[in-house]
Amino acid sequence: MSDPGTQDPFHEPPARAPRQKLSPRTRLFAAVAASAVAVMVILVWAGYELGKSQTPGEPPLVKAPEGAEKVRPDDPGGMYFEHQDKTVYGAFDGREEEVEQLLPPAEEPMSKPEPVLPVPEGTDGEMADEAAGEADTAPAIGETVPKVPG
C-alpha cells in the first residue's frame, strides 16, 4: 500500500526524548532565583517581627495648646501710608473723574429716501408736474395711493 520511499502526510514525526541533564547555566539560574525568593521571604518576615515589637500599647495622643489660636500682635509693625484705603485719588485735587469712552458713539439713523415716481410715457408736462408734486408728499402708512390714469 505505501511505498517505502513515501511518507504519510498525516504521520507525525516521533517526539524527541527529553534531556536527562540540565546545563550548568540553567542550574545556576535556578539556584540564583531560589536564593532571591528565600532572601525576600526572610526580609519580609524580619520586618514584620521588628515592627510588631516596637509598637507597645496605644499610639500617643497629641493635644492642642490651651488658649486662642490667633492673637493680634501689640505692635503690628510695617509702615503707615495715608489714604491707602482710598480708591479715588483724584478727589483730593478737586477735579472730577473723566469717563473713559471705549466704543465709538452710536450711529445716527438716516432719513428714508423719498420715492421717485416715474413719469408715464406719452403724457404732457402738466401730468409730469402733478406727478412730481405727488412725489414730494409721501403717503402715510396704510393710505392707498391713487393710480395715475395712463
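The values are calculated or read from the model by the stated rules, or taken from the named source; none is laboratory data. If you're wondering where the values come from, they're calculated on a predicted model, not measured in any experiment. As a convention, Cβ positions derive from the backbone with ideal geometry for all residues, glycine included, and neighbour counts pool all protein chains shown.
Quick look at the values:
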{"quantity": "Residues that are hydrophobic (A, V, I, L, M, F, W, C) and surrounded by 10 or more Cβ atoms within 10 Å (Cβ to Cβ), drawn from segment 45-73", "calculated": "TRP45, ALA46"}
{"quantity": "Selected residue (criterion: modelled with the lowest pLDDT) from residues of segment 78-131 that are at positive phi and within 46 Å of the chain's Cα centre (by Cα)", "calculated": "HIS83"}
{"quantity": "Options ALA33, ALA140, ALA135: the member that is of a type in the set (A, V, I, L, M, F, W, C), over 43 Å from the mean Cα position of the chain (by Cα), in a helix (DSSP H, G or I) and at pLDDT below 90", "calculated": "ALA135"}
